[in-house]
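J.: Below: one structure in structure tokens.
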């Protein structure tokens, strides 16, 4: 009997904890971790940007790169083509905003949190004011949603159709979210792989 490979997509708006949780889950379950943000940053470096500091996506330079992506779809198309190929190899956790819609297999998790809560987390992470984090978040999300709506036709943060599990993280800390996701992966994802 061939063991079915595992593909998990972790999704959520900035500040929902998706990248942090996806990395920890990848370590726990010994899966490869791939981040759409990391691949886009590599493309940004090729274009002469310097996405080195934490919170770069919410910075002026990060938002300028977003504008460039809005005008030129090749950045996102490159990342997504690469991710689809990676996903078919299996045993991966994908930290991606597009894969839940583009990939027809895998277990898809959405981490939900209010914009205010997410701005508070980003402010803490980047050492900036909540007001500044909220303004950057709004600008970034508006542009990002436009890119994906135009490219693929889905509404990021509004269309939850592809997801098998949605978790509200507003009142949970990182450890609690991790514990819940491990329970779900153990009982649903791994059990289904064993049953096949």
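J.: Which residue, 90, 153, 17, has the most motion in a Gaussian network model of the chain that connects Cα atoms within less than 10 Å?
T.: 153
J.: Given 0.36 nm per residue, what is the gain on full extension from residue 155 to residue 172 after removing their alpha carbon distance, in nm?
T.: Values: separation 17, 0.36 × 17 = 6.12 nm, distance 2.54 nm.
Extending this stretch completely gives an extra 3.6 nm.
J.: Also: At 222 nm, what helix-only mean residue ellipticity would the chain give, in deg cm²/dmol to the nearest 500, using -39500 (n - 2.57) for each DSSP H run of four or more?
T.: Dividing the helical sum by the residues of the chain leaves -16500 deg cm²/dmol.
J.: Starting from the 7 Å offset along Cα-to-Cβ, what nm value, one decimal, do you get for the label separation of residue 183 and residue 129?
T.: Inter-label distance under the simple model: 4.0 nm.
J.: Only residues of region 144-187 count here: report those whose backbone N is under 17 Å from the spot 7 Å along Cα→Cβ of residue 84, or say none.
T.: What the label zone holds, given the 17 Å backbone N cut-off, is 148-154.
J.: Averaging sequence separations of C-alpha pairs under 8 Å and six or more residues apart, then dividing by the length of the chain, give the relative contact order as a whole percent.
T.: 34 percent
J.: At what distance in nm do the modelled label points of residue 32 and residue 74 sit from each other, each positioned 7 Å from its Cα along Cα→Cβ?
T.: According to this spin-label approximation, the distance is 2.5 nm.
J.: Hey, another quick one. How large, in Å, is the chain by the Kirkwood hydrodynamic radius built from its alpha-carbon pairs?
T.: After inverting the pairwise mean of 1/r, the radius is 17.3 Å.
Read-outs throughout are calculated quantities, based only on the coordinates presented, and are distinct from any laboratory measurement. As the structure is a computational prediction, the values presented were derived from the model and not from experiment. A quick note on method: Cβ atoms are made from the backbone with ideal geometry, for glycine too, and the neighbour counts reach across all protein chains shown.
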